[in-house]
Amino acid sequence: MMDKDLHLQPVGTADILRASVVITVATLIGHLIPLVPFLWLTRTLALVLAIILSARVLFGVGMYSALTLVGGWRKNGLKMVVIGLGAAAVGRLFHAIGA
């Protein structure tokens, strides 16, 4: 039924391993980008730089997805920035109100 309705195909073990390594490395890099400024700069300057770096990287990811898949690169880049920084703002808001 799964093959007939969803047209799913078996996935090889090598593909699963490669995908898991790529996802792990991308996640580590993505988490390190906003943290690196805090290693060398004062707290306020590091925070501003972390936000700027995060926005630039998010825009780049959105632009890349538009170029490799479908859509306008400006629109997708801006959408990714709004979603990423918006999620951070909502998290900060919930932290501030103690929820």
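For region 13-33, the criterion of being closer than 18 Å to L85 by Cβ and of a type outside the set (A, V, I, L, M) is satisfied by at least one residue.
Just one residue in the set L39, L28, L49 is aliphatic (A, V, I, L, M) and within 16 Å of the chain's Cα centre (by Cα); that residue is L28. Residues considered: V25, V48. Of these, the only one that is surrounded by 11 or more Cβ atoms within 10 Å (Cβ to Cβ) and either within 26 Å of A89 (Cα to Cα) or touching a residue at least 40 places away in the same chain (Cβ under 8 Å) (or both) is V48.
I need the full set of residues from region 51-77 which are polar (S, T, N, Q) and either surrounded by 15 or more Cβ atoms within 10 Å (Cβ to Cβ) or under 17 Å from A88 (Cα atoms) (or both), in order please. Let's see the steps before the verdict.
Here is the first cut: in region 51-77, the residues polar (S, T, N, Q) are 54, 65, 68, 76.
Once the filter is applied, which keeps residues that are polar (S, T, N, Q) and either surrounded by 15 or more Cβ atoms within 10 Å (Cβ to Cβ) or under 17 Å from A88 (Cα atoms) (or both), region 51-77 yields S54, S65, N76.
Every number in this text was worked out from the coordinates using simple rules, so none of it is lab data. These figures come from a predicted structure and were not determined experimentally. So basically every Cβ, Gly included, is an ideal-geometry build from the backbone, and we count neighbours across all protein chains shown.
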